[in-house]
Every structure is written in structure tokens, then in C-alpha cells.
1. Being part of a helix (DSSP H, G or I) and in contact with a Ser or Thr (Cβ under 7 Å, 6 or more places away or on another chain), is that true of even one residue in region B:254-262?
2. Among residues belonging to region B:132-176 that are assigned to a helix (DSSP H, G or I) and hydroxyl-bearing (S, T, Y), point out the one that is farthest from B:F105 (Cα to Cα).
3. Mind checking which residues of region A:381-417 are at pLDDT 85 or above, touching a Lys or Arg at 6+ places or on another chain (Cβ under 8 Å) and within 16 Å of A:S368 (Cβ to Cβ)?
4. Can you go through A:L209, A:L120 and tell me which one is under 38 Å from the mean Cα position of the chain (by Cα) and not small (G, A, S)?
5. So which residues in region A:417-435 are more than 17 Å from A:T512 (Cα to Cα) and either in contact with an Asp or Glu (Cβ under 7 Å, 6 or more places away or on another chain) or surrounded by 16 or more Cβ atoms within 10 Å (Cβ to Cβ) (or both)?
6. I'd like to verify a number: residues in region A:17-41 that are of a type in the set (G, A, S), under 17 Å from the mean Cα position of the chain (by Cα) and part of a loop (DSSP other than H, G, I, E, B), how many?
7. Applying the selection to region A:282-310, what residues are assigned to a helix (DSSP H, G or I) and within 12 Å of chain B (Cβ to nearest Cβ)?
Amino acid sequence: MEVRLENLTKVFESKNSARTIAVNQFNFTIPDGKLVGLLGPSGCGKSTTLYMISGLLYPTHGRIFFGDEDVTELSPEQRGIGLVFQNYALYPHMTVKKNILFPLENMNLKKKSIEDATKLAHFAISPKEAKVYYQYIKESTSLKNKYKRLESEAKAVYQSKLLEISKTKKRNEKATNSTSSERQSFKDQLNDFKLSFEKEMQNITPDKLQTIVSKMNDAYAAIEKPYQNHKQKIMMQLLLNPIHWFDFNHHFWKALKPIVPEAIKQVEEARYKDYQKQMHDEAIAMAKLVGIEDQLNKKPAQLSGGQQQRVAIARALVKKPKVLLLDEPLSNLDARLRLQTREEIKRIQKEIGITTVFVTHDQEEAMSISDEIVLMNFGAEQQKGNPQDVYNQPANLFVAKFLGTPQLNLYQGALKNGKVMIQDQVVFESSSLKSKSLDEVLIGVRPEGYEMDEKGTLTLQPQFIEMIGRDVSLVASHPQAQTPSIRIILNSDDFSVKPNQLIKVRLKPHKTFIFEKTTGRRLA
Amino acid sequence: MLDHKRDLKAWLYLLIPLFLLTIFTFYPLIKTFLISLFSEYNALTDDFGRYFDLYAYTAIFNDRFFINALTNTLVIVFVSVPASTILALLIAVSLNSIKPLQKIFQTIFFIPYVTNALAIGMVFNVMFSHPLVGGVAAEGLINTLFQTAIDWVGPTATVERWRTVVLIYTIWSALPFKILVFIGGLQNISKQYYDAAKIDAAPKWKVMTRITIPLLSPIISYILITSFIGSFKAYESVLSVVGTVGRSLDRNRWTAVAYVYDKIGISGLDINNISYYSRGAAAAVVLFFIIMIFTFLNLYISKKTVHY
């Protein structure tokens, strides 16, 4: 299911009327079946966005769509989402199995499957009436949702107007509109909605709806009636024999199966099915998927962090949600487990093909498993796209700095007639800069963007060589660099570098980005 | 060596409380036990007498008023404790879920706790009062409110009526402390579990029964055990609410503790040469064992059902 966010805004207001805009006019479409990483520093609004998608927080403005359905006003349980909390929030008093079963127990499987089967039976018995009736049900539901949405939007507008009035009153100015007139116009608006809703309802209601419904029900009853008598007889017979009292539904259905009319067989089956067993099987299957089938009878406290994480994922997935939301799911795990678990998450996501949103502040984590990443800062989107594309072509200074370890190296420079200079040496040229001139620009270079070159235009003062496992990097300094030291990832043939001996390097053009100093906008 | 030294220090610290406990708890306990077994014990001379037997026990179990006192106590225990615990839990949960005025309501519910039990009991007594001779004194608040002329707590009140008033009083006065403790417990439950329950689409009653109560169970168990013990020892509540003229309790309204009080106030022996004082001691011992058995039972059940 595709998830669409339109102009999503969340404003937190505290008692002393300080306003914090956590998410600001956020627009994004999460494609069906993809894993999207919401990435950003802490406080950038990524978790708030996730909680708004889940329904635990309601947006101040803007709308959320799951497919074509507007879910903005729906509560979390109505949205059908799975959420994995940062510290899992497993119920400590329930065993792993009960934790996984809990969402299933709340779903009322029996009612739903009887309804579904009845619908199918209606279509089979009286296709013409069923088509009209179910079309009407579908349309009226969407109409109700539409007006519920309109009403809530009007309410939000009304409340913001009231707030405005109270503010102007505080400033002792004369309010243009009084509270009572606003209330009146709001009431009128609601009344209008009610009237047009009734009118539209009238339009979609087919003629003789009552006759159609009763025709449909009669046709169903006609098939059911002779069978009902049989059924009662069988029930009495079974009840007389205490052997059958235990697991009654099972025996009852076994006896009914041969005599039930074909047309309503599925409805009857749904009525007498063993849902306990079904739920149990589903929970076990989910436990197998995440690899914890041997831990089912333990309490969460007896499990390791990684296992708890899997239980949390199983609990989120067991009700077959349309969307899976993960809130920093790896932050409580140690480094090794984190690597392993993120591959696991990717595998599970691929296996069920569920639309997934993943919130993290760790760029490496996001880049490694996401199909698409969205970088956020100050509640607004900075850049989105394929992780590698974003890395290769950052839209602004923030994105360039946030992605990549070691961090991008920044130098202060100047732009003259399309040529980028550091200390009067031309280090970079691009046709996209044309013949622009700017006194102050920032030159960002990826650590892997350097090449040793005798005729190189940039001279660096090496400090020391740092070796972390297979990575060998040179720590050097440059007077124009924005940080006291800069890191360069070395190739194996560059090991000849000696401390205290200046080196000359050339910048690789596709690893070098030019930014405007004041705005951070990328120039080339 | 070092460990041993530290042990010595710990024992030294413990010495003072142990000494006090011995004088004020263990000695009286053992002496009470002994007195109950010497049926000729003389309280004035502190003479244990000649006979070491169980006559004091047979005497109290043959005493109609002791059986009645036990019944009264058990009614208070088994009605007021569950009722007040459930009520307190419901109030605490609702208090915890409202934001505005929460502190004010908390204070209101807590007021009975900081008020003297006897004083409140007497207020209850006045509220439920009924003049024996019509027209001499006014009806109490309750009778006036409901336009009735029922004797709730006076000498002519029926068993059901005075018990009802006592139960209302004990439940009501037990609420504040329980509410306070429950609110403390509720605020310790991480909000995350409720968010998770919302995501899992659990209906409200299920959140209560499957999440709130299990997570609160250690506190519920503590409250149940302490208040069962407290209720077994009920005396002042009954005395202040349904005590008759001269602040004495009608024999039919005795609780187990009231029976003990009455018996240890009488010195000397009865016609069967059984000391009243020994009877009081025997009743106290019986009560002690009932409470002990009950507490063990409670602990055993909570071990099976409480999640820690």
C-alpha cells in the first residue's frame, strides 16, 4: 500500500504558548512495498512524522493517505499499521507467544471472516442485488469519511480563528470578528455539510434499496431454511452425547459439512472454524519468520536485545498490517547485532513485501537497507531519493555533511569567473558555474575524493595516519579547512606519505561539491 | 576476617531494635500464648494457676458472642477489603487519565486519610442517627435526605442496617490510602505499553484487564495483604460508628478485637473456674492464627498470579 503525506505539519504548543514546529509542510509519497528510511539528526521531526503516520499523534495540518483512503482522522487501531517502538515496548508480563498473539486477539477474526464469507455468498446467490447493495455500502462509507474529513478541517479552521481572536483581544485591539459570529458561521458550515451529505447520500442510494436488501436476504434465507432444520437436529444429537461437549464446534462442523448447501458453505465454515488454532498457527508462523520459534514460552526479560527486537517485529507483523513502521529499531543493540538485525529486517521486509518506514539518525544504517531515503532537518525535507544518488549528488550543505563517514571535508574558497579557488589556486572548474563570481564559497570534498599528484593544486600538511581495521586514512590539516583536521581515505599505493612532509593532491571532480556559504545551497 | 568484623558491626546495630522487639513484641506474644493455655490465670496477681489446658479455647468457642464477633469481623474483611480495593483501583485509573484538576481531586480523595478515624466515625454516627423518641431530637442527615425514619446505628438497629453503615464507613475510610498508592503505581507504568496497546487495537476494557492490572499486580497484592490484616483487627471503626450510649459497644456488635478488649477488662474466674483474662488471650491467639494462615494464603496466591 502506498502511503502519501500531504503538507504534513505538526506544531507542539506548550503552556507558556511557546510554539515548536516539529514538522513543517512535509510532502512525501512512500511507494508500495518499498522500505523508506527517514533520516536526520535528533529533533528533526522524523519520529514525529512516523508517529503521525501511525496515528499516535495527530497532525496540526495536512493529510495522510493510505492508498486512496484518507486516514488522517483514523485512530491507530483503525489504520491497520504495525509499529516497532524504539525500546520495543513488549508487555513484560506476557510470554513471547502471548505478546505475539495479543494483536490477533483484538482483531475479532471470526466476525470479519463471517462478514467476508457472507458477502461472497450474497454475490453467488443473487449477483444483481449484491452488486448494487455492496456498491452502495462502499460509496456511502467513503462519503461518510469525506464529510468527516471536511468537518474536521472546518473545525481546525474555526479553532485557529478563535485563537486569533483571543490573541487580538489580549493585545487590546478591536477584533474584526467576534467569537459568537465565528461560532455561528461554523455552525452554519456544519449544517451545510449535513445538508449536502444527505443530498449526496440520496444520490448514491439506489431506488428501492429496501426491496433489494430484502430480496437478497430472502434468497439467502431460502437456501438456508431447509438446512437450518437439519442443523438443529444435529445439534440436539451432539449435545446428548457428552463426548462432543469438549471441542463442540469441531464435531458440529464435521457433522454439518456433508449437508450444508454449497452456496453458504463458506459462511458456515467461518462460523465454526477454530480461531484459537488459527491464531496460534499464525503466531507460530510469524515467530518462525523472525527466527524466535524456540523462545515462545519465555518472558521478554529473559531474552537478549536482539531477540526482543525480533519479538517486537513479529508482534507488529502478525496482524498483517498494510504499513510497517520502525522507530529507531536498532539503537538499543550492540554494533555487531545491529549489522545482523538490519539485514534481517531487510530480508523480512522483502519476504512479505510490506511498505515500510524506518526512522533512524544513523546514516549508514539508513543507506544500507533503504530503497529510498528522506533526509530531514528542522522539520522539513532536505532531499529524498535513492541512497546512493543522494550521497553522490547532495542538494545542499546539510545533506552533504550528514551523509558519509568520515565526514565531508570543507574548505573556504572563492569563486572567480566559474573557477573555484583555494588560496589563489584553481582546484575545481565546472561549466555549470558559468562565469559566476562569489567571494565566499565552501568547497566540500568527500574523503575518498583526493588523488595524490605531484602537480596537484592543493597542498596539505599531514599529521598522522589512522588505521581502523581495513580502513587507512590520513589525517591532515589545511589553513583554509573549516575543521582543524581533515580526513582522507588512502589507496594502498599512497602509503609513502610521511608526517611533516607536505603533500600535493588533486580533487576528483565528482567527489567535490561547491556550496554558497551563507545559505548552504549547492552551486556545483 | 573482614567479613566477620562487618557482621559483628551489623549485629551491634541490630541489637537495639532486637532488644526493643524482644521486650515489646516477643515477650507479650509468648506471654499471651501462655496465658491462653493456663485457664486459671489471675491477672491481678500475675499467677498462672494450676492448670495447663485448653479450657479457655473451648470456653470461647462455646461463647455465642465470640462466634458472633468472628462473623462480624469476617463480614468486614471479606466485603470491605475487596470492595474498597476495586473502587480505589477504578478511581485511581480514572484520576490518572484526566489531566486538568487531577491534583485537586487527588487532594479531595486524600482528605479522609489525614482526619482522625474516631472523629469521622462519630460524624457518621450523627449522620445516620435516629431519635428513639419521636420529636425530641431531629433525624440525622441520611434520614432527612431520604425522607425515612430508620434506625441505622442506634440500639434498635437491625444487624443488616448497622453492618451496612459500618461497611460504608470502612470502605470509604480505606479508599484514600489505596488510591494514593495505586496512582503512584499507575504513574510508574510506562506510557509506551499503552501506545503499543493502541497499535495492537486493544479495546479499553482489555487494556485494563490485560495490561494495567497485571502491571499493577505487585501493588495490588501488597494493598490486599496489608488491608486484609488491618481489617481483621477492626475495632475503632465499629466502636465509633455504631457504639451506643457511653461509647460502649453492644455485645452483638463486637468484632474479634472488641471481644478481646471486653474479656481482659474483667478480672477473676467464672463459675467453671476459667479466667476471663485467659479467654481474652485465647481469642487473641485465635485471631493471630487466622491472620497468619490468611496471610500465607495470600502470599501463596500472589506468588502464582503476580507479575514482578
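The values are calculated or read from the model by the stated rules, or taken from the named source; none is laboratory data. Because the structure is predicted, anything quoted here is derived from the model rather than measured. Glycine gets a Cβ as well: all are built from the backbone with ideal geometry, and neighbour counts include every protein chain shown.
1. Within region B:254-262, one or more residues are part of a helix (DSSP H, G or I) and in contact with a Ser or Thr (Cβ under 7 Å, 6 or more places away or on another chain).
2. Ranking the qualifying residues of region B:132-176, first place goes to B:T144.
3. Once the filter is applied, which keeps residues that are at pLDDT 85 or above, touching a Lys or Arg at 6+ places or on another chain (Cβ under 8 Å) and within 16 Å of A:S368 (Cβ to Cβ), region A:381-417 yields only A:V390.
4. A:L120
5. none
6. 2
7. Answer for region A:282-310, where residues must be assigned to a helix (DSSP H, G or I) and within 12 Å of chain B (Cβ to nearest Cβ): A:P300, A:A301.
Per-residue answers, yes or no, for (1) in a loop (DSSP other than H, G, I, E, B); (2) buried (at least 18 other Cβ atoms within 10 Å of the Cβ):
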{"residue": "A:W253", "(1), (2)": "no, no"}
{"residue": "A:A314", "(1), (2)": "no, yes"}
{"residue": "A:L326", "(1), (2)": "no, yes"}
{"residue": "A:S331", "(1), (2)": "yes, no"}
{"residue": "A:V359", "(1), (2)": "no, yes"}
